[in-house]
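*Asks:* Can you keep this structure in mind? I'll have questions shortly.
Read-outs throughout are calculated quantities, based only on the coordinates presented, and are distinct from any laboratory measurement. Fair warning: this is a prediction, and the values are worked out from it, not measured in the lab. Note that each Cβ is placed from the backbone with ideal geometry, even for glycine, and that neighbours are counted across all protein chains shown.
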Amino acid sequence: MANLTLGPKVRKPLHLHDRKLKTLEKKAAEIREDLIDMLVEAGSGHSAGPLGLADVFTALYFHVMVHDPKKPLWKDRDRFILSNGHVTPARYVAMAHAGYFPKKLLMTLRKIGSPLQGHPELEWMESLETTSGPLGEGIPQAVGMAYAGLMDRSPWRVYCMTGDGELNEGIVWEAFQFAGTNKLYNLTFIVDRNNIQIDGPTEQVMPLEPLQEKLEAFGLNVIRCAGNSIRDFVTAVERAHGVSEKCSVILADTIPGYGVDYMEYDFTWHGKPPKPGNEARDALSGLRTLGGKITSEHE
């Protein structure tokens with residue numbers, strides 16, 4: 001497989017100028033606000049992971065990936081696989097903002113008959129690529145797609161998001177070994193390294209460190225970035241694209257519950273939404289300035 005190359009394609013440079021960065025940061029803030037509204041309306045769902053990943057989803061859908069919301073099955077689109085399907089509320093909001101479906105549909109999250117289920121289901125929405133089931137399944141699915149893409153000399157890339165708690169699954173490491181052995185350089189994994197899972201901190205439940213060294217031992221190119229910095233994440237993707245002999249893994253260090261002070265770093269918010277009333281108001285109030293983090297960063 002090492003001698004296969006991607007077919008011809010046109011892919012815009014990913015370099016971010018300041019104006020585009022501020023536009024993306026504003027979009028990420030809007031996505032977080034809509035995320036709170038839809039979780040409160042649903043009365044169930046995951047808060048910590050989606051809030052922490054809003055910057056990554058914004059960068060993917062509005063700057064990194066080659067895709068067309070008007071033609072979701074366009075053959076030359078990049079493929080995005082969400083393996084940690086429980087964070088899909090953030091993906092749904094990003095997709096709505098990108099034009100895949102009307103924003104008003106967000107308020108149907110987890111309702112009977114809605115295409116926006118608690119985990120993404122392909123039969124409800126063809127633009128999702130795959131159905132996210134038990135943790136660990138998306139990684140080998142992405143590997144299979146990338147392998148087929150290289151065999152067909154296809155122009156598209158594959159991006160696969162996974163949670164760090166998900167790396168407890170054995171099937172994940174089988175897939176990583178295959179990706180490393182076959183040099184799937186058209187595949188980029190994004191690990192949400194927020195250090196929490198449903199039962200507590202990852203390093204207490206099932207320690208992952210030294211994670212970078214483990215991944216490198218499987219023949220993967222590992223890049224670490226600040227997952228709540230859009231610029232840093234985009235730079236990491238650029239570096240991944242620059243490697244032509246290895247599959248890349250971006251370890252995106254994120255803050256679970258980012259922007260909502262009473263949720264940040266607290267694993268108990270892994271799988272519950274804010275309640276209507278004070279919790280929802282406090283969340284939205286904090287998000288509108290992100291505690292001053294956005295404004296102070298670029299003054």
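*Asks:* Show me 191-202, 109-120 ranked by packing, highest mean number of other Cβ atoms within 10 Å first. If you can, show how the numbers build up before the last one.
*Replies:* Numbers: 191-202: 20.5, 109-120: 17.2.
Ranking, from highest mean packing down: 191-202, 109-120.
*Asks:* Can you list residues whose amide H is under 5 Å from Ser248's amide H, if they're 5+ apart or on another chain and H is modeled 1.01 Å from N?
*Replies:* Amide H neighbours of Ser248: Leu187, Phe189, Asn221.
*Asks:* Can you compute the charge dipole magnitude of the chain about its Cα centre, using +1 on each Lys and Arg Cβ and -1 on each Asp and Glu Cβ, nothing else charged? Give it in debye, rounded to the nearest 20.
*Replies:* Details: 33 positive and 38 negative charges, 255 e Å.
With only Lys, Arg, Asp and Glu charged at Cβ, the dipole is about 1220 debye.
*Asks:* Taking only the alpha-carbon positions of segment 1-133 and ignoring solvent, what does the Debye formula give for the base-10 log of I(q)/I(0) at q = 0.09 Å⁻¹?
*Replies:* Taking Cα atoms of segment 1-133 as identical point scatterers yields -0.28.
*Asks:* Once the Cβ-Cβ distance between Asp199 and Asp261 is put in as r, and R0 is 30 Å, what FRET efficiency do you end up with, to the nearest 0.05? The partial results should precede the final answer.
*Replies:* Values: r = 23 Å, r/R0 = 0.77.
Efficiency, rounded to the nearest 0.05: 0.80.
*Asks:* Measure nothing but the geometry: give the 0 to 90° angle between the long axis through the Cα atoms of 278-287 and the longest principal axis through the Cα atoms of the chain, rounded to 10°.
*Replies:* 50
*Asks:* Sort all Cα-Cα distances of segment 106-157 into consecutive 5 angstrom bins from zero, then give the percent of pairs in each bin up to the one containing the longest distance.
*Replies:* 4, 18, 19, 20, 15, 11, 6, 4, 0
*Asks:* Among 205-211, 162-168, 182-188, how do they line up from the highest to the lowest mean number of other beta-carbon atoms within 10 Å? Could the numbers behind the result be given before it?
*Replies:* Details: 205-211: 13.4, 162-168: 22.4, 182-188: 24.1.
The peptides rank, most packed first, as 182-188, 162-168, 205-211.
*Asks:* Please report the equivalent ellipsoid semi-axes of the chain, computed as sqrt(5 x eigenvalue) of the Cα gyration tensor, largest first, in whole Å.
*Replies:* Numbers: eigenvalues 165, 87, 76 Å².
For the chain, the semi-axes come out at 29, 21, 20 Å.
*Asks:* Still on this model: Compute the distance in nm between two label points, each set 7 Å from the Cα along the Cα-to-Cβ direction, one at Leu73 and one at Ser285.
*Replies:* Each label point is offset 7 Å from its Cα along the Cβ direction, giving 4.9 nm.
*Asks:* Of all alpha-carbon pairs in segment 149-206, indicate the percentage at a distance above 16 angstrom. Mind dumping the intermediate values first?
*Replies:* On the way: 882 of 1653 pairs.
Roughly 53 percent, once rounded to a whole number.
*Asks:* What number in nm² do you get for segment 157-261 if you take the convex hull of its Cα atoms and divide its surface by four?
*Replies:* Details: hull surface 26.8 nm².
Taking a quarter of the hull surface, the average projection is 6.7 nm².
*Asks:* Helix 18-42 versus the longest principal axis of the chain: what angle, 0 to 90°, nearest 10, using Cα atoms?
*Replies:* 60
*Asks:* Over segment 173-226, what number does the Rg to Rh ratio reach, with both radii from the alpha-carbon atoms and Rh per Kirkwood? It would help to have the intermediate numbers written out before the result.
*Replies:* On the way: Rg = 12.4 Å, Rh = 12.4 Å.
With Rg and the Kirkwood Rh in hand, the quotient comes to 1.00.
*Asks:* Given labels modelled 7 Å from the Cα in the Cβ direction, how far is it in nm from Asn278 to Thr23?
*Replies:* Result for the modelled spin labels: 4.1 nm.
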